[in-house]
Amino acid sequence: MSTLLTHIAISDGKIKRSSLEVLSHMRQLAEANRHTAEAVIIDAEASNYVDEVKKYGPSTIYTVEDPIFENHMNTPLLKALTKVMDEAEPYIFGFGSTESTKDILGALAANQDAAVLSDVSEFELTDEGIEAKRPVMAAKILSDNVAEGDRILVSVRSGSYDLDEGDADADVVDIDFSIDDSEIQATLREIIGASGDKIDLAEAETIVAAGRGAKDEEGQDLINELASVLNAGIGASRALTEAGIMDPSLQIGQTGKVVSPQLYIAVGISGAIQHVAGMTNSKVIVAINKDPDAPIFDIADYGIVGDLYKVLPPFIEELKKIKG
Ligand SMILES: Cc1cc2nc3c(=O)[nH]c(=O)nc-3n(C[C@H](O)[C@H](O)[C@H](O)COP(=O)(O)OP(=O)(O)OC[C@H]3O[C@@H](n4cnc5c(N)ncnc54)[C@H](O)[C@@H]3O)c2cc1C
């Protein structure tokens with residue numbers, strides 16, 4: 001029996017959904033293969049999140065609590081993760097694929113002499129380790145990857161697994177942690193948050209994305225209204241970010257963000273391969289476009305062929321009625 005450990009990432013006082021997705025999958029793997037699923041929370045207020053994590057059924061939750069974890073810094077996080085790995089001795093250590101995970105995974109793998117597979121969209125256990133799929137070439141191809149060994153790190157794209165709750169009776173183990181200022185050679189001067197839309201696109205359940213078809217003020221107003229009714233994050237194609245109409249942080253695609261919401265509504269977006277690379281993992285895709293041959297319809301679950309200025313107002317009104 002081995003330990004499948006999941007790192008629970010905290011951002012802006014909230015647990016990242018992607019971490020809970022990984023934990024859900026790890027617990028299912030543990031149940032199917034007679035392993036143990038455990039979780040670790042490393043944060044300035046780690047204990048605040050224990051009850052929420054318990055719901056997803058790990059048998060043990062490790063907490064590492066220290067004010068140094070208020071902001072992401074590699075050195076203390078690496079030290080804490082190393083300590084947790086020494087304590088929990090995981091066979092597989094799973095992470096949500098976030099910016100900070102990307103920052104730290106290579107260092108942790110080197111430090112622990114572990115195999116690592118990053119940014120995968122699914123993985124399963126094999127007799128020797130894990131087998132994973134990773135989207136490559138602008139998500140046109142899924143590559144098969146294998147990692148073998150007795151310590152394997154894996155990071156998983158958000159939206160890859162559904163949340164699944166389990167028995168909520170985990171033991172909680174606090175791990176002592178301290179770090180001396182002299183150990184931290186980097187200085188964190190400033191964190192510049194994303195401007196514009198406040199909903200984190202990587203975590204958003206619903207995204208309304210605007211393309212060149214919605215570039216004028218009226219189009220933007222309709223996008224904002226639709227997003228507000230659905231409590232959705234707002235994204236954009238590069239046509240709008242390049243034109244300075246929308247903030248670059250909202251760009252979705254190969255050179256923007258990779259998102260995987262439950263619902264993605266593409267408005268006035270043609271569906272160029274570079275855009276699709278960032279949203280093809282969405283659970284349900286709705287496309288609104290006046291061109292019936294637009295490539296976005298090839299990947300859409302539901303399509304509305306029509307002028308967005310005529311389609312959106314009644315669509316928004318109906319949604320308001322349903323919501324209200
Ligand atoms: C190296 C590289 C990287 C790139 N990275 C990205 C990236 O990360 N993200 C990204 O998005 N793009 C990226 N691009 C750009 C990409 O190739 C496309 O040019 C871009 O996605 C097009 O944006 P769009 O769909 O909004 O515009 P268009 O392709 O111009 O499409 C606009 C669509 O709106 C429809 N439309 C117009 N008016 C209306 C209306 N009134 N009602 C309904 N529909 C209407 C049209 O039928 C059309 O399909 C990249 C390109 C390169 C070369």
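Assorted remarks:
- When every residue of the stretch 289-296 is checked against the conditions, none turns out to be touching a strand residue (DSSP E or B) at 6+ places or on another chain (Cβ under 8 Å), open to solvent by 20 Å² or more (accessible area, probe 1.4 Å) and under 24 Å from Ser121 (Cα atoms).
- Residue list for the stretch 223-242, restricted to those being surrounded by fewer than 21 Cβ atoms within 10 Å (Cβ to Cβ) and away from the ligand (no atom under 14 Å from the Cβ): Asn224, Glu225, Ser228, Val229, Leu230, Asn231
- The set of residues from the stretch 151-191 being in a strand (DSSP E or B), of a type outside the set (Ser, Thr, Tyr) and open to solvent by less than 80 Å² (accessible area, probe 1.4 Å) comprises Ile152, Leu153, Val154, Val156, Val172, Val173.
- Of all the criteria given as (1) part of a loop (DSSP other than H, G, I, E, B); (2) open to solvent by less than 40 Å² (accessible area, probe 1.4 Å); (3) within 19 Å of Ser18 (Cα to Cα), the one not satisfied by His72 is (2).
- When each of Pro295, Pro248 is tested for being farther than 20 Å from Thr98 by Cα, within 11 Å of the ligand (Cβ to nearest atom) and free of Cβ contacts under 8 Å to residues at least 40 places away in the same chain, the lone residue that passes is Pro295.
- Residues (crowded, with 24+ Cβ neighbours inside 10 Å and part of a loop (DSSP other than H, G, I, E, B)) located in the stretch 43-64: Tyr56, Pro58
- Residues of the stretch 251-283 that are outside any loop (DSSP other than H, G, I, E, B), more than 10 Å from the ligand (Cβ to nearest atom) and either modelled with pLDDT under 95 or within 17 Å of the chain's Cα centre (by Cα) (or both): Leu263, Tyr264.
- Against the conditions (1) under 27 Å from Ala132 (Cβ atoms); (2) assigned to a helix (DSSP H, G or I), Val40 satisfies every one except (2).
- Restricting Glu217, Glu225, Glu242 to those that are in contact (Cβ under 8 Å) with a residue 12 or more places away in the chain and among the acidic types (Asp, Glu) reduces the list to Glu225.
- Residues of the stretch 298-314 that are open to solvent by less than 60 Å² (accessible area, probe 1.4 Å), more than 8 Å from the ligand (Cβ to nearest atom) and of a type outside the set (Val, Ile, Thr): Ala300, Gly303, Leu312, Pro313.
- Which numbered condition Val259 fails, given (1) open to solvent by 10 Å² or more (accessible area, probe 1.4 Å); (2) in contact (Cβ under 8 Å) with a residue 12 or more places away in the chain: (1)
- Residue tally, condition in a helix (DSSP H, G or I) and open to solvent by less than 20 Å² (accessible area, probe 1.4 Å), over the stretch 1-37: 12
- Single unsatisfied condition, Val286 versus (1) over 18 Å from the mean Cα position of the chain (by Cα); (2) within 12 Å of the ligand (Cβ to nearest atom); (3) open to solvent by less than 70 Å² (accessible area, probe 1.4 Å): (2)
- Here is the figure for the stretch 207-221: residues that are within 10 Å of the ligand (Cβ to nearest atom) and surrounded by 22 or more Cβ atoms within 10 Å (Cβ to Cβ) total 5.
The values are calculated or read from the model by the stated rules, or taken from the named source; none is laboratory data. This structure is a prediction, so every number in the text was calculated from the model and none was measured. Backbone-built Cβ (ideal geometry, glycine too); neighbour counts: all protein chains shown. For the accessible areas, the whole protein counts, side chains as well, though only heavy atoms, and no ligand, DNA or RNA atoms are used. Shrake-Rupley method; radii C 1.70, N 1.55, O 1.52, S 1.80 Å.
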